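*Asks:* Below you will find the structure I want to go over with you.
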Amino acid sequence: MSKVIVTGGGIIGLCSAYYLNKAGHDVTVIDKGKIAEGTSFGNAGYICPSHFIPLASPGIIAMGLKWMLSSSSPFYIKPRLDWDLIKWGLQFWKSSGRSTMEKNIRPLHEILQLSRALTIQMRNDLGNHFQMEEKGCLMLYKSAHTEKHEIEMAHDAKALNIPTQVLNAKEVQALEPAVEVDVRGGVLYPFDAHLNPSDLMHVLHEHLKANGVEFMLETTINGFERAANKVTGVKTDKGLVSADAYVLATGSWLPFTGRDLGIDMLLQAGKGYSMTFGDMQQNLKHPAILVDDRVAMTPLGNELRMGGTMEISGIGSPMLIKRAKAIFHSAQQYYPSLDLEFPSPSTIWHGWRPLSPDGLPYIGKHHQFDNLTFAGGHGMLGISLAAATGQLVQQTVEGVSTSIDTKAFSVERFN
Ligand SMILES: Cc1cc2nc3c(=O)[nH]c(=O)nc-3n(C[C@H](O)[C@H](O)[C@H](O)COP(=O)(O)OP(=O)(O)OC[C@H]3O[C@@H](n4cnc5c(N)ncnc54)[C@H](O)[C@@H]3O)c2cc1C
């Protein structure tokens with residue numbers, strides 16, 4: 001048993017703590033917040049093995065450039081002279097080539113599958129207090145162009161043994177008896193699942209506290225102490241804390257924490273929004289992605305969450321109401337009978353997806369440090385990949401063989 005400090009108490013930090021604690025380690029989690037809000041809370045809650053194509057893929061640059069011309073589009077990069085953004089953008093462009101994307105599909109598919117299985121195991125261990133449902137996810141479309149693309153994706157999915165069902169408009173409507181759906185058709189990925197991410201975070205936090213994990217909350221990490229090839233302490237605004245091993249899981253802040261250790265991490269924060277409507281009399285039965293507009297719809301009991309947009313405009317940039325309005329407008333176009341009012345801006349949530357340039361996470365050690373494990377860069381898939389990441393972190397800290405090959409997730413793959 002060793003003492004391990006996990007820096008960052010988002011879903012990746014908590015799942016790392018979960019597996020480390022289960023394996024008998026003495027774990028402390030440090031977070032500048034209270035583990036009560038943040039990126040791991042208001043997201044769409046999908047566990048989606050269907051997302052086996054990395055974000056960096058052919059056509060994404062052309063589509064992104066087209067979207068950038070519209071202020072209400074689902075994707076936006078704020079042009080700015082920022083060397084980190086330029087380096088990230090160049091690597092994103094390189095990674096979106098067909099051969100790199102194809103190379104990245106296999107490891108992404110493997111970690112998605114592992115994580116789905118481990119999330120189910122976690123639900124069985126902790127009890128389903130986070131509304132996890134295995135109903136699948138619908139990819140809905142209105143245009144012939146998107147239909148063609150989604151059907152091609154469904155073929156690719158079949159090649160990986162991911163089950164799919166291509167549905168026409170009538171078949172989609174039959175899955176949603178309570179709400180009118182105005183689409184050309186859709187693809188159902190029955191193997192996908194969804195859950196309430198905020199409830200999952202609370203359940204994990206309570207479970208970890210009850211099992212002896214120490215939490216240092218409202219504690220900001222300012223730097224690290226090191227000696228030779230080891231981290232020897234974390235400097236916080238409440239003093240220095242030390243352990244045998246350290247896990248870096250600071251989400252979109254990973255480049256700042258990495259820099260304190262002299263390690264350059266390529267990562268940008270991708271801002272997204274969500275709105276949650278309570279007391280739904282007529283709710284959706286299935287989560288759905290409105291593919292033409294990149295909007296995610298998640299029924300959570302009698303609540304309905306809609307979310308989307310990807311704004312790369314620097315961490316801390318202000319919320320843009322017109323983008324939240326575009327999400328709301330899209331939901332109304334796809335589900336015309338939903339009788340909802342645009343919410344007050346103060347209730348609109350936003351979070352920061354930690355985006356690596358190739359759409360794969362960073363999981364593993366850096367050659368400079370024996371006792372430091374990175375766990376970050378999960379982008380749009382932090383909930384989907386958290387359980388597997390937690391297990392891989394525990395195995396990496398212990399130096400034992402990992403459940404799947406982690407070479408593709410190397411922290412140093414862009415060096
Ligand atoms: C609109 C939207 C919808 C999404 N939908 C889905 C989905 O359906 N499925 C899915 O799989 N993923 C989804 N995601 C992505 C998912 O939310 C993220 O990938 C995930 O939450 C990232 O988790 P994390 O633990 O890496 O980072 P975070 O949750 O950001 O946690 C990092 C933690 O580190 C702490 N920290 C940072 N710096 C310091 C410091 N210096 N000192 C102390 N603490 C520090 C922060 O306070 C924070 O709590 C969505 C994201 C958005 C924005």
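The values are calculated or read from the model by the stated rules, or taken from the named source; none is laboratory data. Computed from a predicted model, the values in this text were never measured in an experiment. Neighbour counts run over all protein chains shown; Cβ positions are idealised from the backbone, glycine included. Only protein heavy atoms, including side chains, enter the accessible area calculation; ligands, DNA and RNA are left aside. Shrake-Rupley method; radii C 1.70, N 1.55, O 1.52, S 1.80 Å.
Yes or no, residue by residue, for (1) over 15 Å from residue 270 (Cα atoms); (2) away from the ligand (no atom under 12 Å from the Cβ):
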| site | (1), (2) |
| --- | --- |
| 318 | no, yes |
| 321 | yes, yes |
| 349 | no, no |
| 353 | no, no |
| 367 | yes, yes |
| 372 | yes, yes |
| 392 | yes, yes |
| 398 | yes, yes |
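*Asks:* Name every residue in the stretch 216-268 that is within 11 Å of the ligand (Cβ to nearest atom), of a type in the set (A, V, I, L, M) and within 17 Å of residue 315 (Cβ to Cβ), in order of residue number.
*Replies:* Within the stretch 216-268, 221, 248, 249, 254, 267 meet the criteria.
*Asks:* Determine if the stretch 377-388 includes at least one residue that is over 30 Å from residue 285 (Cβ atoms) and either in contact with a Ser or Thr (Cβ under 6 Å, 6 or more places away or on another chain) or not basic (Lys, Arg) (or both).
*Replies:* Going residue by residue through the stretch 377-388, those that are over 30 Å from residue 285 (Cβ atoms) are 377.
Cutting the leftovers down to either in contact with a Ser or Thr (Cβ under 6 Å, 6 or more places away or on another chain) or not basic (Lys, Arg) (or both) gives us 377.
Scanning the stretch 377-388, I find at least one residue that is over 30 Å from residue 285 (Cβ atoms) and either in contact with a Ser or Thr (Cβ under 6 Å, 6 or more places away or on another chain) or not basic (Lys, Arg) (or both), so the answer is yes.
*Asks:* Exactly one of these conditions fails for residue 39: (1) within 13 Å of the ligand (Cβ to nearest atom); (2) under 24 Å from residue 139 (Cβ atoms); (3) in contact with a Leu (Cβ under 7 Å, 6 or more places away or on another chain). Give me its number.
*Replies:* Only one criterion is unmet by residue 39, namely (3).
*Asks:* Could you say which residue among 50, 57, 16 is open to solvent by less than 30 Å² (accessible area, probe 1.4 Å) and either within 6 Å of the ligand (Cβ to nearest atom) or out of contact with any strand residue (DSSP E or B) (no Cβ under 7 Å at 6 or more places or on another chain) (or both)? So that I can check it myself, show each step before the final result.
*Replies:* Values: 50 fails: either within 6 Å of the ligand (Cβ to nearest atom) or out of contact with any strand residue (DSSP E or B) (no Cβ under 7 Å at 6 or more places or on another chain) (or both); 16 fails: either within 6 Å of the ligand (Cβ to nearest atom) or out of contact with any strand residue (DSSP E or B) (no Cβ under 7 Å at 6 or more places or on another chain) (or both).
Every option except 57 fails the conditions.
*Asks:* In addition: Hey, could you check the stretch 36-47 for residues that are buried (at least 21 other Cβ atoms within 10 Å of the Cβ) and among the hydrophobic types (A, V, I, L, M, F, W, C) and say which is farthest from residue 211 (Cα to Cα)?
*Replies:* 44
*Asks:* Out of the residues in the stretch 262-294 meeting the condition of being under 30 Å from residue 368 (Cβ atoms) and of a type in the set (A, V, I, L, M, F, W, C), tell me which one is most open to solvent (accessible area, probe 1.4 Å). Give the derivation first.
*Replies:* Our first condition is that a residue be under 30 Å from residue 368 (Cβ atoms); within the stretch 262-294, this holds for 262-270.
Remaining after also requiring of a type in the set (A, V, I, L, M, F, W, C): 263, 265-267, 269.
On the way: 263: 8, 265: 12, 266: 31, 267: 12, 269: 8 Å².
Going through the qualifying residues, I end up with 266.
*Asks:* Out of (1) among the acidic types (Asp, Glu); (2) open to solvent by 40 Å² or more (accessible area, probe 1.4 Å); (3) under 27 Å from the mean Cα position of the chain (by Cα), what's the single condition that is false for residue 150?
*Replies:* (2)
*Asks:* Something else about it: Restrict the check to the stretch 94-102 and report whether at least one residue is open to solvent by 90 Å² or more (accessible area, probe 1.4 Å) and more than 24 Å from residue 410 (Cβ to Cβ).
*Replies:* No, the stretch 94-102 contains no residue that is open to solvent by 90 Å² or more (accessible area, probe 1.4 Å) and more than 24 Å from residue 410 (Cβ to Cβ).
*Asks:* Take the conditions of a type in the set (Val, Ile, Thr) and more than 12 Å from the ligand (Cβ to nearest atom) and apply them to residue 289. Does it pass? Explain how you work it out, then say what you get.
*Replies:* Values: of a type in the set (Val, Ile, Thr): yes; more than 12 Å from the ligand (Cβ to nearest atom): no.
Answer is no for this residue.
*Asks:* Go through the stretch 195-211 and report how many residues are assigned to a loop (DSSP other than H, G, I, E, B) and within 14 Å of the ligand (Cβ to nearest atom).
*Replies:* Of all residues in the stretch 195-211, those assigned to a loop (DSSP other than H, G, I, E, B) come to 195-196, 211.
With the extra rule that they be within 14 Å of the ligand (Cβ to nearest atom), the set shrinks to 195-196.
So the answer is 2.
*Asks:* Is it the case that the stretch 189-212 has a residue that's farther than 30 Å from residue 147 by Cβ, open to solvent by 10 Å² or more (accessible area, probe 1.4 Å), within 28 Å of the chain's Cα centre (by Cα) and β-branched (Val, Ile, Thr)?
*Replies:* Yes, the stretch 189-212 has at least one match.
*Asks:* Can you list the strands (runs of 3 or more DSSP E) lying wholly within the stretch 1-101 that have 2 or more residues being closer than 21 Å to residue 272 by Cα and under 23 Å from the mean Cα position of the chain (by Cα)?
*Replies:* Numbers: elements: 3-7, 26-30, 75-77.
Of the strands (runs of 3 or more DSSP E) lying wholly inside the stretch 1-101, those with at least 2 residues that are closer than 21 Å to residue 272 by Cα and under 23 Å from the mean Cα position of the chain (by Cα) span 75-77.
*Asks:* Hey, among 414, 374, which residue is touching a Pro at 6+ places or on another chain (Cβ under 8 Å) and either hydrophobic (A, V, I, L, M, F, W, C) or surrounded by fewer than 24 Cβ atoms within 10 Å (Cβ to Cβ) (or both)? Quick ask: steps written out before the conclusion?
*Replies:* Numbers: 374 fails: touching a Pro at 6+ places or on another chain (Cβ under 8 Å).
Just one listed residue meets the conditions, 414.
*Asks:* Let me ask you something else. For the stretch 221-261, name all the residues that are under 23 Å from the mean Cα position of the chain (by Cα) and surrounded by fewer than 19 Cβ atoms within 10 Å (Cβ to Cβ). Walk me through how you get there before you give the answer.
*Replies:* First pass over the stretch 221-261, keeping only residues under 23 Å from the mean Cα position of the chain (by Cα): 221, 246-259.
256, 259 - these are the residues of the stretch 221-261 that are under 23 Å from the mean Cα position of the chain (by Cα) and surrounded by fewer than 19 Cβ atoms within 10 Å (Cβ to Cβ).
*Asks:* Against the conditions (1) touching a residue at least 12 places away in the same chain (Cβ under 8 Å); (2) surrounded by fewer than 21 Cβ atoms within 10 Å (Cβ to Cβ), where does residue 173 fall short? Just the number, please.
*Replies:* (1)
*Asks:* What residue, of 26, 31, is of a type in the set (Asp, Glu) and buried (at least 17 other Cβ atoms within 10 Å of the Cβ)?
*Replies:* Values: 26 fails: buried (at least 17 other Cβ atoms within 10 Å of the Cβ).
After applying the criteria, what remains is 31.
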